[in-house]
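See below for the structure under consideration.
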Amino acid sequence: MTNRNGRSKSPRADDRVAATGTADGQDSGDEFADSVIDRRTYLSLSAATGAALALPGSATADVRGEPITDELAFVVNHTPDEYEAATVVEFANRRALEAFADDYVTEPDPELSRAPKAVTRNSPAPAAHARLTADEVADVCERDGVERLDFSPGANPWWKLDSPYEDGVFPPVESARNYVAYEELAAGLDHLESARPDRVRVQRIGESPGWTNRFTGEESDPRPVYVAEVTANVRDEESVAEKERIVYSLSIHGDERAGAESGCRLLEDLATGRADDFEHLLDDIVLVFLFPNPDGWVSRTPQTAIPWVEAHDTNFQRGNASVFDGQPIDTNRQYPTIGWTNPAFRPAEPDGAPEEFEALVPDALAIVDHLRDYDDVALFCDYHGMYTADHAVFNLETNASLDHGETNELDELNVRIGEAMQSHWGGIEAIEDDIATAIEEMYDWVDDGDEAVPDGDSYDGLFDWGTTYDSISYQVTGGFADWAGQPEAFGGLGAVAVTPEVVLSNHQVAAQKEWKPYSSRHYVTAYRISMRTCAELIARETSATVATGGQNVAYVTTDELTRTSAALPHTDDHFDPDTAADTDSGPDGGRGTDHATEVRRNHRRVEAGSAAQSTVAADAVDSSHSLFVHFDGVRNATTGTIRVKDPTGTVVREIDLAAKADPTDLTARRRDVEEVFVRRPRAGRWEIDVDADADIRVGTTVIDADGDVPDPEEVLGYEQRAYSVTPLQFFDDLEPFLEDGEIEGMSILDVAIGRLLWDDATACRYDKLVVSHDVGLDHPLYLRAIERFVELGGDLVLTDAGVNLLGELDVGAAASIAPDDITDADMVFATLEDRDLEHPLLAGIRPRQQEIWKGSQLGYTTGIDQPSTTVERDAFEAAGGSVAGTLPRWLIDDGEPVPAGYGVGAGILPAGDAEITVLGSVLPPARQTELHPFGLADYALSEMGHTLLCNALDFEQRRYVDGDLVRTVGERR
C-alpha cells in the first residue's frame, strides 16, 4: 500500500523505524535490519558528518505506531529530545479532535512571538497541525480516534491534506506555521497553475546537486529549480513576446529567507487576482519568480545530511549541496561574470562548461541557460538578507557597468522605493521595537537590541542604496545579479540589476533560524513594496538625457588605454574589432603556445579550539603568480583571530572575529566570507593561523604561471573569451543622450596641431577638454596647446593618470603644482573620502555613496591594485583649489589594509576664466594580469561615479517618466 505522502509503506510500519528488536521483541542482531538506511549509507553519512548521526538501532527516541508515517517516525527518532516536529494529525471524528485540542491548542499570542503550538480545522475532515516532540507524538499516537500522523513542515498547516487551500495557498505571515517549505512551494505552484493557467506558467528548468537524504538513503537527492511566469494571457506567446520582463530571484542564499517568503505570497495574490496594486500591470509586463536554491531551502529538515553540520539544527544552508576543494559552494559566486574571476569559484557558463561543473553547479548552469532565452529582461532583482545595518533595507548596485539611461533608471527606482517605504511606515520607529526584540532573541549575548536598531538618516532609517562596498563593505566576483546586468554581447541579460538586502534575514550558527512572525512580517512587507515599485516603474516609459547648455566637449584618445584578448600570452588568435571575434593568427601560430599555467589547491577544516590543526600552509615558488586564501565559516564565529603570514612571518592580513560577530557594532564589516588575495607572493611557506570558536574551512589556491597572466583554460577549464575594451568608450556611450552639444574624440596629434581652437587660434572650438591618461606628457607642442586652450577660457578636466599633466602645465593655478606634488598609488577600493557634499562636484551624490567605480569587472581584485593619481592637499589648496574629496593610498599595517595617506581625488583649481577639474580615479584602463576568462568591461562607473563625472563636465542629468521631467541630478555651474 502507499501512504498519502507517496512513499511505500513497510508491512512492518507499526513496529519498525529505529527499533532494535524484532516483532516478537527479540534482538535481531543487526541494528540496520529494520532501518530506512542501510549500513553502507550510515557509514558514509557518519564519516561525512563526524559521526553525528545516531545509529538506527540506538536512535534518540523509539516512537512507533500504526498512525505514524515512516517519514515522521524517522524525524522524531533521529532528532534531539526537545526537537518539535511539524506534524499534521488526522482524526476519525470531531470528538477525538476536541480531546487533542484540550491538551495542545493554546490561545494565539497577540504579540506574534511564535506560531501557536497547535491549530485545528473541522472540515472537510477533522485535523490538527502541531509542533510535537517525540514524547508528544507517542502520546497522540496512543489516543483514540487518531488515524494518521505525518511530518508536514511549512507555512500552510494543511498543504499535505485533502482540500488544503480553502484559506489560501501561502498563509499571511501572521497565521503561518513556519517558513514556507520547499515541498510546499512545489505543491502550491502546481495548484496555482492548475487554477489559473491563463495567468501562471510554471517550469522546472533544472536540478540542484542534491544532499544525501538520510530518510530514503539516496546519496544524492536533487530538487527541481522552479520558475513561475505571471502575466495576463501567459500562454499567448505572441502577446508575451511584446512584454518586458522583470525577474525576481528569491533567496539564492538558502539562509536568507525574505525573498522566498515575500515572493511566494505575492505570486499567489497575483494568480488569484488579489494583488490590486499589480493588477493593472499584467497587460504590459511579465513577472518572473525564480527559486534558484532548492538545496539551501531543504537543508533545514532532519532528513538532510549536511557534511559539515555534526548535529541537527534549525538553520538553512547558504549554498547548495556541492563541495569544491573542501569548500561548500556559494550559490551566489558561480555565475560567468566578466572581469576578474576568483579561482576558488566554479563559474557556470553553459557554453563550454567542464564536465565536473555539471555535478557542482547544475542549478546555476540551468538558470543561465534558461534566462538567456529571454530577450526582454528590463529589470532583475536578486533578493537577499543581511544581519544588522544602519538602515532596514539596502539596494545594492551590482558590479555591472551602466550607461547613462540605466544609471538614471536605477536611481529613480531607488528613490521611489524609499518614498514608498516611508509612505507605508513613516520611519523606522514604526517597527523598531520588533527589530530590537528579534536582535535580542537571535543574539543571546546582546542585552539591549535597541543598540542595533537601524539609525540611518535616509528615509528615516528605512532605506538606502549604494554599491556593495558602500553598503556592506565588500565586493565579489561571480554574483548572480552582476551577471544579469552584463550586456547580452558578454553573455548577460542586459538588464538593470539590483540586489536588495533586508535586516534580520540572515543568521549565525549561534543565532538559530526560528520563525518569528512579529519580525518576519516586516521584511515580507518591505520586499512586497520593493517588488511592486519595480514592476510599476518598468511598466512606464522611462528615459534620461544630458543637458549641456550647448557645450561641446573633446577628449584625448590613445590606444595605450585599449586592452585586447589578442595581447594575452595564452591566446593564439588576434582580435578583430570589426567582428568582435578572434581570428587565426596565421601559419606561425600565436603568442601563447609555450606559456604554462599550473594550479595547486589545498584545503583543511580547522576545528573550533583546535591547537593541532590551527595552522594551514601554502607553498609559493618563484613562478607563483598569485595566492588566494578563502575562508568559510567565518560568520559562525564569535571570538578569535585569523592571521595570514608570509614566509618571513610578517602578518599580511588579520581578521578580528569578535568585531565581526557583534551585531551592535554597525561599523564592523559584515562579510559572510573572508578572502585574501596576494599577487606575486614571496616564495616560501605561507601560513594561515586560525583561532576561532567555530569550525573554519580554509582553502588555498596557488597559481603558477610562466608569464604575467594565467591561462583560464588551465585554471577553470574555459577558453579565453575575445574582447577589445577602452575606458574612453564612456564618451561614445554618453553622446547619444545629449540634448545639445557634442562629444568628440581627438588624438594627441590633433591637439598638438591646434584643433582645440578655431582657425584664427583666438577662441576655443570646444568648451571642455578631458584628458584621462598621461600619454604625451613629454610632447611640448601637445602641452602648450592645452595651456593655450585654458588661457582662452576652455575648461580642462583631468582624470586618472591624466592628473599628472598638472605637474607640467604652466597655466592658472596649475603653474604652482609641481610634479612632486602628484602621486600615483593603488587602493583596495576606489572610494572618495573626506567629502564635502556641498561641493559642486558632488551635487546629487548621497552620503552613503563613496565607491567611484567597481573594480572586478575591469579585472581588479580585492587586493591593493586599483589605481589613482592624486595631488597633495596642501599644495592643491595653496594654489587656490577647492577640494571635494580625497582618495586613500593603501598599505598593509599589522595585517590590515589601511590608508597610508590621502591626496586630493576630486577638486577644482582656478585658471582665469576657466577651471581645471581633477578626478584622480574614475576611468582607469582594464587590468589584464588576473584571470578573466569571460572578458573585461570598458568601464565600470558606479551611479556615484557617473554623477561625479557628469558634474565635472558641467552637465545636468535629466530624467523622464512617460515623457514628463520628474527629476534632475547635478546642476550647471
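Below are the figures for this structure:
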| item | result |
| --- | --- |
| Test for Arg177: is it in a loop (DSSP other than H, G, I, E, B), in contact (Cβ under 8 Å) with a residue 40 or more places away in the chain, touching a strand residue (DSSP E or B) at 6+ places or on another chain (Cβ under 8 Å) and of a type outside the set (Asp, Glu) | yes |
| Gln857 vs. criteria at pLDDT 95 or above, in a helix (DSSP H, G or I) and crowded, with 24+ Cβ neighbours inside 10 Å | yes |
| The stretch 198-234 - residue that is of a type in the set (Ser, Thr, Tyr) and surrounded by fewer than 18 Cβ atoms within 10 Å (Cβ to Cβ) and, of those, nearest to the chain's Cα centre (by Cα) | Ser220 |
| Subset of the stretch 197-234 [part of a loop (DSSP other than H, G, I, E, B) and either aromatic (Phe, Trp, Tyr) or out of contact with any strand residue (DSSP E or B) (no Cβ under 9 Å at 6 or more places or on another chain) (or both)] | Pro197, Asp198, Pro209, Phe215, Thr216, Gly217, Ala232, Asn233 |
| Residue list for the stretch 329-348, filter: of a type in the set (Phe, Trp, Tyr) and either in contact with a Pro (Cβ under 8 Å, 6 or more places away or on another chain) or without any contact (Cβ under 8 Å) to a residue 60 or more places away in the chain (or both) | Tyr335 |
| Candidates Glu244, Glu261 - the one that is touching a residue at least 12 places away in the same chain (Cβ under 8 Å) and surrounded by fewer than 23 Cβ atoms within 10 Å (Cβ to Cβ) | Glu244 |
| Any hit, the stretch 647-668, residues being more than 21 Å from the chain's Cα centre (by Cα), of a type in the set (Gly, Ala, Ser), at pLDDT below 90 and surrounded by fewer than 22 Cβ atoms within 10 Å (Cβ to Cβ) | yes |
| Single residue of Val524, Val476, Val546, Val498 found to be assigned to a loop (DSSP other than H, G, I, E, B), out of contact with any Gly (no Cβ under 8 Å at 6 or more places or on another chain) and not small (Gly, Ala, Ser) | Val476 |
| Hits in the stretch 142-174 (condition: touching a residue at least 60 places away in the same chain (Cβ under 8 Å), out of contact with any Gly (no Cβ under 9 Å at 6 or more places or on another chain) and among the basic types (Lys, Arg)) | Arg148 |
| Flag if Leu887 is surrounded by 24 or more Cβ atoms within 10 Å (Cβ to Cβ), within 27 Å of the chain's Cα centre (by Cα), modelled with pLDDT of 95 or more and part of a strand (DSSP E or B) | yes |
| Test: residue in the stretch 470-481 that is hydrophobic (A, V, I, L, M, F, W, C), modelled with pLDDT of 95 or more and under 20 Å from Gly263 (Cα atoms) | yes |
| Flag for Val180 being within 30 Å of Arg121 (Cβ to Cβ) and within 29 Å of the chain's Cα centre (by Cα) | yes |
| Where a residue in the stretch 813-842 is more than 19 Å from Gly466 (Cβ to Cβ) and its partner, wherever it lies, is of a type in the set (Lys, Arg), with Cβ under 9 Å and at least six apart | Thr823/Arg889; Ala825/Arg889; Asp826/Arg889; Pro840/Arg973 |
| Filter result (of a type in the set (A, V, I, L, M, F, W, C) and touching a Ser or Thr at 6+ places or on another chain (Cβ under 6 Å)) within the stretch 713-727 | Ala722 |
| Answer residue from the stretch 412-445, given it is free of Cβ contacts under 8 Å to residues at least 40 places away in the same chain and of a type in the set (Asp, Glu) and is surrounded by the fewest Cβ atoms within 10 Å (Cβ to Cβ) among those | Glu429 |
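Residues checked against (1) at pLDDT below 95; (2) in contact with an Asp or Glu (Cβ under 6 Å, 6 or more places away or on another chain); (3) crowded, with 24+ Cβ neighbours inside 10 Å:
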| position | (1), (2), (3) |
| --- | --- |
| Glu872 | no, yes, no |
| Gly920 | no, no, yes |
| His932 | no, no, yes |
| Arg972 | yes, yes, no |
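The values are calculated or read from the model by the stated rules, or taken from the named source; none is laboratory data. Predicted model, so just to flag it, every value in this text is computed and none were measured. Note that each Cβ is placed from the backbone with ideal geometry, even for glycine, and that neighbours are counted across all protein chains shown.
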